[in-house]
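Please read the structure below before turning to the comments.
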């Protein structure tokens, strides 16, 4: 039995599946014997945004965490059950359990409600629960003034170091069962159908960062827009950041250090690719944007299901078309770039940001689908699903924030701009294999004889466009514009800006104002 004079420190791993720069683990280690815990929570795994591939990735992270903890003298104990019931069973079996440590989490409503329950349980049972920030996201934020400066200070704070060894608290015999790491099927979920997804783990996260800073980032700024180049030249860190396999602070600090190193090499006369420094600067901005958008959900959790600007309530809710929805979901809309991206997501769980924005834009404007329906589909498809980015972006790309310019993408233009020779399209839509490049953006424009020659008869081998681009987008602009022009919409947008708007202005604008 644990010595009651030395209280047990329980470290609860959630979306922080790493050992490096793990402040809760470091703080717990300073105060007494440590017990590390991860909980498979049925209510989380059964949420509408969860996919078995997410659990596979998590399991790979857990395996890596456990290996690293063992080198410190600890083990990662894994339990299956709901919270706070698991904590209550652990407390009864382990009288020394006096402190709970975790990182803050900005998640879905299920995890938000779960955390409130855990908080009440801790107060009722005399357990001290300490939550420590892990991103540049601030709780109980009154306004956004000075947010960017606060974010940078947090990102520049020292990396948390762990001691060489940590005293482990024994797992109590009568406590909850330590089930170990279980596959989806053992937890009542279907097996993952993904075949080309990134692998999880802190070790892989650091390898991916090394390769990005080491050279893959050279053309990042230009390459990020096209699905042809983005898969290799984007950072590909998003799933690791989403599950905390690497800390935002470590990524930021290593990026800043790499930029400084490259500048020094350039100043010393070494010839560098002219795009490299600009690309890293662009990447650094996107790290800040990650937290900028997450802050919106942290400050207003109901953005998971509520329009940011309530004046748009009722705009699409009563016009759900299941046939359009299914065509979009499965990649059979007759718009090649939309269909290729959706089919790629079903296999790989990743697509670049521009294509994500196009998918939401097409669903919201062309097909007039409400973002809450499409948000669940994409959350399951995205291996890197991050609620704090997902819901504000879904709303922004659907035109219901009240403060952003309407971004209505032309899928045909995206083919011409991003994949004119069909490298990406033909991989994911084999029906288009024989279609000449000139018709890839609009296969339906091929004359019938050429369709037969190409082995792609529209309406038979590949769908005709589900809607007319010009007609659908004109109608969407008109319907949204009629609301945006009202006094109520203009008034509400001021409140949205006050609550969520960025306070960071370009230097030229600041000088002009001065």
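The values are calculated or read from the model by the stated rules, or taken from the named source; none is laboratory data. These numbers were taken from a predicted model, which means no experiment stands behind them. Please note: Cβ atoms are built from the backbone with ideal geometry, for glycine as well, and neighbour counts cover all protein chains shown.
Computed values, structure above
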{"item": "Test: residue in region 298-319 that is more than 27 Å from residue 498 (Cβ to Cβ) and either assigned by TED's automatic domain parsing to the domain that holds residue 383 or touching a strand residue (DSSP E or B) at 6+ places or on another chain (Cβ under 6 Å) (or both)", "result": "yes"}
{"item": "Positions within region 423-457 being surrounded by 19 or more Cβ atoms within 10 Å (Cβ to Cβ) and touching a residue at least 24 places away in the same chain (Cβ under 8 Å), in sequence order", "result": "424, 425, 428, 429, 431, 432, 440, 441, 443, 456"}
{"item": "Within region 351-452, helices (runs of 4 or more DSSP H) holding 3 or more residues that are within 20 Å of the chain's Cα centre (by Cα)", "result": "353-361, 371-381, 387-398"}
{"item": "Count - residues of region 315-327 that are in contact with a helix residue (DSSP H, G or I) (Cβ under 9 Å, 6 or more places away or on another chain), free of Cβ contacts under 8 Å to residues at least 60 places away in the same chain and not in a loop (DSSP other than H, G, I, E, B)", "result": "1"}
{"item": "Helices (runs of 4 or more DSSP H) contained in region 138-226 and holding at least 2 residues under 30 Å from residue 42 (Cα atoms)", "result": "202-211"}
{"item": "Some residue of region 209-228 being under 25 Å from the mean Cα position of the chain (by Cα), buried (at least 17 other Cβ atoms within 10 Å of the Cβ) and closer than 24 Å to residue 38 by Cα", "result": "no"}
{"item": "Count of residues meeting criterion [touching a residue at least 40 places away in the same chain (Cβ under 8 Å), farther than 24 Å from residue 49 by Cα and either out of contact with any strand residue (DSSP E or B) (no Cβ under 9 Å at 6 or more places or on another chain) or not assigned by TED's automatic domain parsing to the domain that holds residue 82 (or both)] in region 100-135", "result": "0"}
{"item": "So residue 475, is it at pLDDT below 95 and either more than 32 Å from the chain's Cα centre (by Cα) or over 30 Å from residue 146 (Cβ atoms) (or both)", "result": "no"}
{"item": "Members of region 301-314 found to be part of a loop (DSSP other than H, G, I, E, B) and touching a helix residue (DSSP H, G or I) at 6+ places or on another chain (Cβ under 7 Å), listed by number", "result": "305, 307, 308, 309"}
{"item": "Condition check for residue 74: in contact with a helix residue (DSSP H, G or I) (Cβ under 9 Å, 6 or more places away or on another chain), under 30 Å from residue 126 (Cα atoms), part of a loop (DSSP other than H, G, I, E, B) and at pLDDT 95 or above", "result": "yes"}
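Conditions tested, residue by residue: (1) in contact with a strand residue (DSSP E or B) (Cβ under 8 Å, 6 or more places away or on another chain); (2) modelled with pLDDT of 95 or more; (3) under 28 Å from residue 502 (Cα atoms).
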{"site": "186", "(1), (2), (3)": "no, yes, no"}
{"site": "195", "(1), (2), (3)": "no, no, no"}
{"site": "216", "(1), (2), (3)": "no, yes, no"}
{"site": "235", "(1), (2), (3)": "no, yes, yes"}
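Residue-by-condition table, conditions (1) out of contact with any helix residue (DSSP H, G or I) (no Cβ under 8 Å at 6 or more places or on another chain); (2) surrounded by fewer than 19 Cβ atoms within 10 Å (Cβ to Cβ); (3) in the same structural domain as residue 109 (by TED's automatic domain parsing); (4) on the phi < 0 side of the Ramachandran plot:
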{"residue": "21", "(1), (2), (3), (4)": "no, no, yes, no"}
{"residue": "25", "(1), (2), (3), (4)": "yes, no, yes, yes"}
{"residue": "29", "(1), (2), (3), (4)": "yes, no, yes, yes"}
{"residue": "32", "(1), (2), (3), (4)": "yes, no, yes, no"}
{"residue": "48", "(1), (2), (3), (4)": "no, yes, yes, yes"}
